[in-house]
Amino acid sequence: MQKLLLAVDRFSTWVGQFFAWAIVFLTLAISWEVFSRYVLGTPHGWMLDAQIMMYGVLFMMAGAYTLSKNGHVRGDVLYGFFQPRTQATLDLILYILFFLPGVIAMTWAGWVFFTDALAIREQTFNADPIPVYPFKFFIPFAGAMLLLQGLVEIARCVLCIRDGFWPSREQDVEEVDVEKLKAMVHVKDEDIAALDAVVVRKEGVKP
């Protein structure tokens, strides 16, 4: 079971990292359009729509990746004080009551939007129209990815309720934890205070 959960984590991570490159192409596209518009005097009517679509894809495809890293914002300030079994029970209830219905509805509605747009070959409304239906495909795709990762998180809740601790998950880049960093380099708070005092004295300022 654990291997399967980690395999889905790795898949969500790979998809998230792949689509994260969209920010590079988005930056290049914006930079080129600014140069083309104000220096060359040749603006492109379709570029703004393309930028919006690219940003939308980047935003949607980050959902499953963020969930796999347990990175979504929690609204309960007391959650961190609960025991793992209590956390898992609360998460399981919320996943069943809110997550599953919402994500299933989004995936279903997104598929309808995509098929309707594909049937009429929907385009943007400007002087230089571009197709919309490829972009709308990412709505059900992102929903399906989020649903898959959500099922993995539900399985984790069940395992935590059974075992009393959270199963491991695939790791990736995280924010710097200052306390962990100090422990890694064997630095104590009093060492930092002593170093600050030395720096202050060398600068000729009384601490």
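The values are calculated or read from the model by the stated rules, or taken from the named source; none is laboratory data. Because the structure is predicted, anything quoted here is derived from the model rather than measured. Ideal geometry is used to build each Cβ from the backbone, glycine not excepted, and the neighbour counts take in all protein chains shown.
Within region 1-25, restricting attention to residues that are in a helix (DSSP H, G or I) and loosely packed, with under 11 Cβ neighbours inside 10 Å, which residue is nearest to the chain's Cα centre (by Cα)?
VAL24
Taking the conditions exactly as written (farther than 27 Å from GLN149 by Cβ, out of contact with any Gly (no Cβ under 8 Å at 6 or more places or on another chain) and of a type in the set (A, V, I, L, M, F, W, C)), does LEU26 satisfy them or not?
no
If I filter region 134-155 for residues that are aromatic (Phe, Trp, Tyr), surrounded by fewer than 18 Cβ atoms within 10 Å (Cβ to Cβ) and more than 30 Å from LEU6 (Cβ to Cβ), do I get at least one hit?
no
Show the residue pairs meeting these rules: Cβ distance below 8 Å; 6+ apart or different chains; first residue within region 101-122 and without any contact (Cβ under 8 Å) to a residue 40 or more places away in the chain; second residue surrounded by 13 or more Cβ atoms within 10 Å (Cβ to Cβ) and part of a loop (DSSP other than H, G, I, E, B).
As it stands, the answer is ASP116/GLU122; ALA117/VAL132; GLU122/VAL132, since those pairs meet every condition given.
Can you spot a residue in region 26-36 that is closer than 15 Å to PHE138 by Cα, out of contact with any helix residue (DSSP H, G or I) (no Cβ under 7 Å at 6 or more places or on another chain), part of a helix (DSSP H, G or I) and in the same structural domain as TRP166 (by TED's automatic domain parsing)?
First, the residues of region 26-36 that are closer than 15 Å to PHE138 by Cα: none.
Within region 26-36, none of the residues are closer than 15 Å to PHE138 by Cα, out of contact with any helix residue (DSSP H, G or I) (no Cβ under 7 Å at 6 or more places or on another chain), part of a helix (DSSP H, G or I) and in the same structural domain as TRP166 (by TED's automatic domain parsing).
Between a first residue in region 37-48 that is in the same structural domain as ILE130 (by TED's automatic domain parsing) and touching a residue at least 60 places away in the same chain (Cβ under 8 Å) and a second residue that is surrounded by fewer than 10 Cβ atoms within 10 Å (Cβ to Cβ) and not acidic (Asp, Glu), which pairs have beta carbons less than 9 Å apart while being 6 or more apart in sequence or on different chains?
GLY45/ALA127; TRP46/ALA127
If I filter region 31-54 down to residues being under 32 Å from the mean Cα position of the chain (by Cα) and exposed (fewer than 14 other Cβ atoms within 10 Å of the Cβ), which single residue comes out as nearest to GLY16 (Cα to Cα)?
This residue is ILE52.
When the residues of region 49-73 are narrowed to those that are of a type in the set (A, V, I, L, M) and part of a loop (DSSP other than H, G, I, E, B), which ends up nearest to PHE141 (Cα to Cα)? Before you say what the answer is, go through the steps one by one.
Step one: of region 49-73, the residues of a type in the set (A, V, I, L, M) are 50, 52-54, 57-58, 60-62, 64, 67, 73.
Checking which are part of a loop (DSSP other than H, G, I, E, B) leaves us with 61, 73.
Values: MET61: 8, VAL73: 22 Å.
Once the filter is applied, the top-ranked residue is MET61.
Out of curiosity, is THR13 in contact with a helix residue (DSSP H, G or I) (Cβ under 7 Å, 6 or more places away or on another chain) and within 16 Å of VAL152 (Cα to Cα)?
Yes: the conditions hold for THR13.
Looking only at region 135-191, count how many residues are small (Gly, Ala, Ser), more than 15 Å from ASP91 (Cβ to Cβ) and either at pLDDT 85 or above or in the same structural domain as GLN83 (by TED's automatic domain parsing) (or both).
Result for region 135-191: 4.
Assuming ASP76 fulfils every condition listed in (1) acidic (Asp, Glu); (2) under 17 Å from VAL132 (Cβ atoms); (3) outside any helix (DSSP H, G or I) apart from one, which condition is it?
The single condition ASP76 does not satisfy is (2).
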